[in-house]
Amino acid sequence: MKKEIVIRTHKLTKSYGNTIALQNADITICKGEIYGLVGNNGAGKTTFLKMLAGEIVPTSGEFTLLGENTQKGYLKARKRMGAIIENPAFFPGMSAKQNLEYYRIQRGIPGKEVVEQTLECVGLTEAKNKKFKNMSLGMKQRLGLGLALMGEPELLVLDEPINGLDPSGIIEIRNLLLKLNQEKGVTMIISSHILAELSNIATQYGFLSKGKVVEQISAEELKEKSRDYLEIRVTDIEKYVSLLESKMECKNYKVMADGSIHILGKIDKLTEYSALAVNHEIGLLFFGMKEVNLENYYMEIIGETVEAEGDK
Ligand code: ATP
């Protein structure tokens, strides 16, 4: 069955003066997916999400949001979408309940019961009368999520929703998001620079680096690519690599931007790799098996980008 597309961007670009915050981003997100938008500080994540939410206008390129691709259509689509981008403006002296009630009225969401239901959904029923300024960070984040959830959105756009939370707060938010996804089929795009947090929830990933989408990959594909590799650091990379090819007929290796050599695939002659350096008077600085997790996979693709740019 063909998947329903919720977001599709085509060459989406945003510049702030001379700074290109996002360049030619082509991203497709299908219904029911939890899309992890991964990137370091300044990679362009917030810029991307702000364009979807209508907070800023693209410099060029286009996008389709819940089937709409006109300015008028976007307004309609955004009623079916909830977003938290940067901290929502809550009134410090008002309670959780009062804050949500204020926004319910402002957004024209019918039914007073919506506020209580939302508080229940984000686990804030007991704290509903607590003033915003007296709430813990975790409670504040959950209230923000509640605000995005009012109106039962089909699509959630969350910019770093777990930033600054302690481990139990992270688990709470993660479970809540998983529940919304599994029980209500809510599609999500979640940005983070903390990869490990997304790896517990995302079904798809988009890696951003310096304003460019460097890779899009499903969680399944990522798992497949997660294999052990041998990392070697030597004093003479060129000589070692040339010996690798001539003496061991090894082609399954990569030289990373940081100068380390990764030997991929099945590694059964471990001692031969170290002997290759030692027997040819090459200093062995590091030698060990490593596991590709999300974090070093990301470093790997970013490393490759750095290399490719240097080649030009
Ligand atoms: P972070 O994780 O730090 O929030 P990010 O991936 O969300 O980073 P953006 O906030 O989208 O990145 O920023 C991308 C680039 O655009 C950065 O170089 C940033 O300095 C720049 N930028 C963002 N907003 C503006 C603005 N209003 N004016 C000028 N430059 C901006």
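One residue stands out among those in segment 136-157 that are more than 18 Å from Leu119 (Cα to Cα) and of a type in the set (A, V, I, L, M, F, W, C): the one that is surrounded by the most Cβ atoms within 10 Å (Cβ to Cβ), which is Val157. Looking at Phe132, Phe63, Phe90, Phe48, just one residue is under 21 Å from Glu197 (Cα atoms) and surrounded by 16 or more Cβ atoms within 10 Å (Cβ to Cβ), and that residue is Phe48. Does Leu49 meet the test of being assigned to a strand (DSSP E or B), assigned by TED's automatic domain parsing to the domain that holds Glu152, within 12 Å of the ligand (Cβ to nearest atom) and not small (Gly, Ala, Ser)? Considered against the rule, which asks whether it is assigned to a strand (DSSP E or B), assigned by TED's automatic domain parsing to the domain that holds Glu152, within 12 Å of the ligand (Cβ to nearest atom) and not small (Gly, Ala, Ser), Leu49 comes out as no. Considering each residue of segment 250-259 in turn, none proves to be in contact with a strand residue (DSSP E or B) (Cβ under 6 Å, 6 or more places away or on another chain) and open to solvent by less than 10 Å² (accessible area, probe 1.4 Å). From the list Lys72, Lys3, the lone residue that is out of contact with any Ser or Thr (no Cβ under 7 Å at 6 or more places or on another chain), part of a loop (DSSP other than H, G, I, E, B) and surrounded by fewer than 17 Cβ atoms within 10 Å (Cβ to Cβ) is Lys3. For segment 19-35, a tally of residues being assigned to a strand (DSSP E or B) and either modelled with pLDDT under 95 or β-branched (Val, Ile, Thr) (or both) returns 5.
One line per residue, one yes/no per condition, for (1) part of a strand (DSSP E or B); (2) under 23 Å from Gly39 (Cα atoms); (3) at pLDDT below 95:
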residue: Leu230; (1), (2), (3): yes, no, yes
residue: Arg233; (1), (2), (3): yes, no, no
residue: Tyr240; (1), (2), (3): no, no, no
residue: Ala257; (1), (2), (3): no, yes, yes
residue: Glu272; (1), (2), (3): no, no, yes
residue: Asn296; (1), (2), (3): no, yes, yes
residue: Glu300; (1), (2), (3): no, yes, yes
residue: Thr305; (1), (2), (3): no, yes, yes
residue: Gly310; (1), (2), (3): no, yes, yes
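Looking at this structure, is Lys11 loosely packed, with under 15 Cβ neighbours inside 10 Å and at pLDDT 95 or above? Yes, satisfied. So, of the residues in segment 36-46 that are closer than 18 Å to Leu155 by Cβ and assigned to a strand (DSSP E or B), which turns out to be nearest to the ligand (Cβ to nearest atom)? Per the stated criteria, the residue is Leu37. Quick check on Tyr103: is it open to solvent by less than 60 Å² (accessible area, probe 1.4 Å), under 22 Å from the mean Cα position of the chain (by Cα) and aromatic (Phe, Trp, Tyr)? In short, no.
Within segment 9-18, the set of residues being part of a strand (DSSP E or B), out of contact with any Leu (no Cβ under 7 Å at 6 or more places or on another chain) and more than 8 Å from the ligand (Cβ to nearest atom) comprises Thr9, His10, Lys11, Ser15. In segment 24-35, of all residues being open to solvent by 10 Å² or more (accessible area, probe 1.4 Å) and not acidic (Asp, Glu), the one that is nearest to the ligand (Cβ to nearest atom) corresponds to Asn24. Looking for whichever is under 20 Å from Ile189 (Cβ atoms) and part of a loop (DSSP other than H, G, I, E, B) here; the options are Gly146, Gly151, Gly111. Which one fits? One residue alone meets the criteria, Gly151. From the list Ala96, Ala21, Ala77, the one residue that fits, being within 16 Å of the ligand (Cβ to nearest atom), open to solvent by less than 40 Å² (accessible area, probe 1.4 Å) and not β-branched (Val, Ile, Thr), is Ala21.
The values are calculated or read from the model by the stated rules, or taken from the named source; none is laboratory data. Here the structure is a predicted model, which is why all the values come from computation and not from measurement. Reconstructed Cβ throughout: ideal geometry from the backbone, glycine too, with neighbour counts over all protein chains shown. Surface areas here come from the heavy atoms of the whole protein model, side chains and all, with no ligands, DNA or RNA. Shrake-Rupley method; radii C 1.70, N 1.55, O 1.52, S 1.80 Å.
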